[in-house]
Amino acid sequence: MKYLNSINWWIILGIVFFSACSHDYLRYDIDQKDGIYWTLSGDSLVYGFSSTYLQDSTSLNLLVYVMGLPSDHDRKVNVELIDSLTTGEENIHYFLGKEAIVKAGEVRTYLPLTLYRNRDSEMALKQVVIGFRLRESEDFRLVPGLGGYSPYRVILRLQKIGRPVWWNNTYLGDFSEELYKAFMNQYASLETTNPTIYDTLVRYAGWDLSGWNAMYIWQNYEYVMVKYVVHPLYDYYQENPHPDVNIPMPKF
């Protein structure tokens, strides 16, 4: 009797297990598209160009993941701009790629978002919003509750440029945003005009003079800085005076 009861229990368990498996099987859709999502935190990002970053543009590559398995072919991810949330102008304040490709054998890709700093002369007086979300495509579906299903906003602000710690009035005169921008452009131009000198300065103080040695650059590289950066600026502003620029006559 105990033996028969044991068999009966195994039969019951088998039926339950088989029923559960059959139920799960019936619910599984082999034709269901893989999902896509991103892991951006919250619903927005405030991006402010730093006071030492004067390049016209910066790229935010937004990482998008696949919820599913790798494929044997490339697959397209679509993104849509939300006009009702967007106050910026395309190619003036931003450029948002409308699609990205998940390569065969991979389960992630990047959506390109480029932000522009200098193309709007009134940028310092306002903030710009770019609103967007992922969009379902022939290859992917959206996943409710995960990033990309709901709108996301990037809020772009232009921070006021402040006097950097390495600024030296003895060589440059009083600080001004006009001279700071011209100085950084002249410094960056050395990469083309004097690459050996540029490489030396960058190794010492950084490409944007943000390295901890930057405050000592006038002591250790006085001749180079004055001759190749300050003097060309002095000559330029002698011919093109600006009310915010008054560079003392260089010693070299």
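The values are calculated or read from the model by the stated rules, or taken from the named source; none is laboratory data. Because the structure is a prediction, the values reported are computed rather than measured. Virtual Cβ from ideal backbone geometry, glycine too; neighbours counted across all protein chains shown.
Which residue, of Tyr180, Tyr171, Tyr187, is modelled with pLDDT of 95 or more and either hydroxyl-bearing (Ser, Thr, Tyr) or not in a helix (DSSP H, G or I) (or both)?
Values: Tyr180 fails: modelled with pLDDT of 95 or more; Tyr187 fails: modelled with pLDDT of 95 or more.
Being modelled with pLDDT of 95 or more and either hydroxyl-bearing (Ser, Thr, Tyr) or not in a helix (DSSP H, G or I) (or both) holds for just one of Tyr180, Tyr171, Tyr187, which is Tyr171.
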Among what's in the range 42-57 and is out of contact with any helix residue (DSSP H, G or I) (no Cβ under 7 Å at 6 or more places or on another chain) and part of a loop (DSSP other than H, G, I, E, B), pick the residue that is modelled with the highest pLDDT.
Asp43
If you take the residues of the range 143-168 that are polar (S, T, N, Q) and at pLDDT 90 or above, which of them is surrounded by the most Cβ atoms within 10 Å (Cβ to Cβ)?
Asn168
Could we say that Leu179 is crowded, with 16+ Cβ neighbours inside 10 Å, aliphatic (A, V, I, L, M) and in contact (Cβ under 8 Å) with a residue 40 or more places away in the chain here?
yes
Return the pairs, sorted by first residue and then second, in which the second residue is in a helix (DSSP H, G or I) and surrounded by fewer than 12 Cβ atoms within 10 Å (Cβ to Cβ), the first residue lies in the range 226-252 and is among the hydrophobic types (A, V, I, L, M, F, W, C), the beta carbons are less than 7 Å apart, and the residues are 6+ apart or on different chains.
Phe252/Tyr223
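Looking for whichever is in contact with a strand residue (DSSP E or B) (Cβ under 8 Å, 6 or more places away or on another chain) and over 20 Å from Tyr223 (Cβ atoms) here; the options are Arg157, Arg163. Which one fits? It would help to see each step written out before you state the result.
Details: Arg163 fails: in contact with a strand residue (DSSP E or B) (Cβ under 8 Å, 6 or more places away or on another chain).
Of Arg157, Arg163, the one residue that is in contact with a strand residue (DSSP E or B) (Cβ under 8 Å, 6 or more places away or on another chain) and over 20 Å from Tyr223 (Cβ atoms) is Arg157.
Go through Asp244, Asp235 for me and flag whichever is modelled with pLDDT of 95 or more and outside the structural domain of Asp56 (by TED's automatic domain parsing). Step through it out loud before you land on a result.
Numbers: Asp244 fails: modelled with pLDDT of 95 or more.
Every option except Asp235 fails the conditions.
So which of Thr114, Thr87 ends up being closer than 30 Å to Glu178 by Cβ, outside any strand (DSSP E or B) and either touching a strand residue (DSSP E or B) at 6+ places or on another chain (Cβ under 7 Å) or in the same structural domain as Asn185 (by TED's automatic domain parsing) (or both)?
Numbers: Thr114 fails: outside any strand (DSSP E or B).
So the residue among Thr114, Thr87 that is closer than 30 Å to Glu178 by Cβ, outside any strand (DSSP E or B) and either touching a strand residue (DSSP E or B) at 6+ places or on another chain (Cβ under 7 Å) or in the same structural domain as Asn185 (by TED's automatic domain parsing) (or both) is Thr87.
Please determine, by comparing only the residues of the range 120-142 that are of a type in the set (Gly, Ala, Ser) and touching a residue at least 24 places away in the same chain (Cβ under 8 Å), which one is surrounded by the most Cβ atoms within 10 Å (Cβ to Cβ).
Let us first name the residues in the range 120-142 that are of a type in the set (Gly, Ala, Ser), namely 121, 124, 131, 137.
With the extra rule that they be touching a residue at least 24 places away in the same chain (Cβ under 8 Å), the set shrinks to 124, 131, 137.
Working: Ala124: 12, Gly131: 21, Ser137: 16.
Ranking the qualifying residues of the range 120-142, first place goes to Gly131.
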